[in-house]
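The values are calculated or read from the model by the stated rules, or taken from the named source; none is laboratory data. Small disclaimer: the values here were computed from a predicted structure and weren't measured. Cβ atoms come from the backbone with ideal geometry, glycine included; neighbour counts cover every protein chain shown. Note: accessible area is taken over every heavy atom of the protein model, side chains too, but ligands, DNA and RNA are not part of it. Shrake-Rupley method; radii C 1.70, N 1.55, O 1.52, S 1.80 Å.
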Amino acid sequence: IDVLQKITRAEPAGIAPWKTLADVATLSERYDIALAAAQQVVDLASSDPAPLVRAAQIALGAKKLDEAASRATQALDLESGNPRAIAGAHTVLALVALARYDAETALSEALAARAAQPESVVPLFVNARLLVDEGNDAEALAVLSKANAGLEKSTAAMLPQVRSLTGDVLVRLDRAAE
């Protein structure tokens, strides 16, 4: 992180170092640095929705739900026509809705993500998560199996929460070895 910060100070107009700093800081759970770096990328590429989506994902990881939703909405407001960015923004909005226990909005946003990118597994994940919340782990596992299979074939953005939830459900069903 220190080296990347030095690079960004030396080359403040370079997008790549800022993106890398945001990613490394996110992996290190240094969300303050990650969010600041993501903001620099947004500022440098103001007409591109992808940096806004990445900033929304980082804010979601930092559990800053309002900021995540705001950034995702800003990305959608750019009306870029970029299906990956549109799907990413709707995915963030679906995950924010899940965190707020708003099943209807989560499902709606998940379907919007799939409309933008038909191979998206977000609707399957949302359905599985809602089943888990209702205590229907066995049904959720069946849905998660489809989601995991879809991830294997998909070119859509990775959704690490699918694998995490699958692991949690397998442990609760005493199938940890799988």
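Within segment 21-41, work out how many residues are β-branched (Val, Ile, Thr) and under 17 Å from the mean Cα position of the chain (by Cα). Residues that pass the stated criteria total 2. Taken as a whole, the condition of being surrounded by fewer than 17 Cβ atoms within 10 Å (Cβ to Cβ), assigned to a helix (DSSP H, G or I) and either touching a residue at least 60 places away in the same chain (Cβ under 8 Å) or hydrophobic (A, V, I, L, M, F, W, C) (or both) does not apply to residue 95.
Sort out which residues of segment 41-74 are under 23 Å from residue 12 (Cα atoms) and among the β-branched types (Val, Ile, Thr), and write them in order of number. Walk me through it before giving the result.
Just the residues of segment 41-74 that are under 23 Å from residue 12 (Cα atoms), to begin with: 41-59, 71.
Once the filter is applied, which keeps residues that are under 23 Å from residue 12 (Cα atoms) and among the β-branched types (Val, Ile, Thr), segment 41-74 yields 41, 42, 53, 58.
For segment 26-47, give me each residue that is open to solvent by 60 Å² or more (accessible area, probe 1.4 Å), farther than 23 Å from residue 99 by Cα and of a type outside the set (A, V, I, L, M).
Applying the first criterion (open to solvent by 60 Å² or more (accessible area, probe 1.4 Å)) to segment 26-47 yields 27-30, 32, 40, 43-44, 46-47.
From the residues that got through so far, the ones that are farther than 23 Å from residue 99 by Cα too are 40, 43-44, 46-47.
If the condition is that a residue be open to solvent by 60 Å² or more (accessible area, probe 1.4 Å), farther than 23 Å from residue 99 by Cα and of a type outside the set (A, V, I, L, M), then 40, 43, 46, 47 are the ones that fit.
Listed by first and then second residue, the pairs with beta-carbon distance under 9 Å, at least 6 apart or on different chains, first residue in segment 8-35 and on the phi > 0 side of the Ramachandran plot, second in a helix (DSSP H, G or I), are 29/61. Checked against (1) over 15 Å from the mean Cα position of the chain (by Cα); (2) farther than 28 Å from residue 74 by Cβ, residue 103 passes all but condition (2). One residue alone among 119, 67, 79 is within 26 Å of residue 142 (Cβ to Cβ) and either open to solvent by 30 Å² or more (accessible area, probe 1.4 Å) or assigned to a helix (DSSP H, G or I) (or both), and that residue is 119.
Per-residue answers, yes or no, for (1) open to solvent by 30 Å² or more (accessible area, probe 1.4 Å); (2) modelled with pLDDT under 95; (3) over 30 Å from residue 79 (Cβ atoms); (4) assigned to a loop (DSSP other than H, G, I, E, B):
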position: 111; (1), (2), (3), (4): yes, no, no, no
position: 135; (1), (2), (3), (4): yes, yes, yes, yes
position: 157; (1), (2), (3), (4): yes, yes, no, yes
position: 164; (1), (2), (3), (4): yes, yes, yes, no
position: 176; (1), (2), (3), (4): yes, yes, yes, yes
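Kindly establish whether residue 16 is of a type in the set (A, V, I, L, M), open to solvent by 50 Å² or more (accessible area, probe 1.4 Å) and either assigned to a helix (DSSP H, G or I) or more than 24 Å from residue 83 (Cβ to Cβ) (or both).
Numbers: of a type in the set (A, V, I, L, M): yes; open to solvent by 50 Å² or more (accessible area, probe 1.4 Å): yes; either assigned to a helix (DSSP H, G or I) or more than 24 Å from residue 83 (Cβ to Cβ) (or both): yes.
It is true that residue 16 is of a type in the set (A, V, I, L, M), open to solvent by 50 Å² or more (accessible area, probe 1.4 Å) and either assigned to a helix (DSSP H, G or I) or more than 24 Å from residue 83 (Cβ to Cβ) (or both).
Hey, does segment 37-55 have a residue that's closer than 21 Å to residue 147 by Cβ and either touching a strand residue (DSSP E or B) at 6+ places or on another chain (Cβ under 8 Å) or touching a residue at least 12 places away in the same chain (Cβ under 8 Å) (or both)?
Kept after step one, since they are closer than 21 Å to residue 147 by Cβ, are these residues of segment 37-55: 53.
Subsequent filtering for residues that are either touching a strand residue (DSSP E or B) at 6+ places or on another chain (Cβ under 8 Å) or touching a residue at least 12 places away in the same chain (Cβ under 8 Å) (or both) retains 53.
Scanning segment 37-55, I find at least one residue that is closer than 21 Å to residue 147 by Cβ and either touching a strand residue (DSSP E or B) at 6+ places or on another chain (Cβ under 8 Å) or touching a residue at least 12 places away in the same chain (Cβ under 8 Å) (or both), so the answer is yes.
Residues in segment 51-62 that are more than 12 Å from the chain's Cα centre (by Cα) and either modelled with pLDDT under 95 or not in a helix (DSSP H, G or I) (or both): 0 in all.
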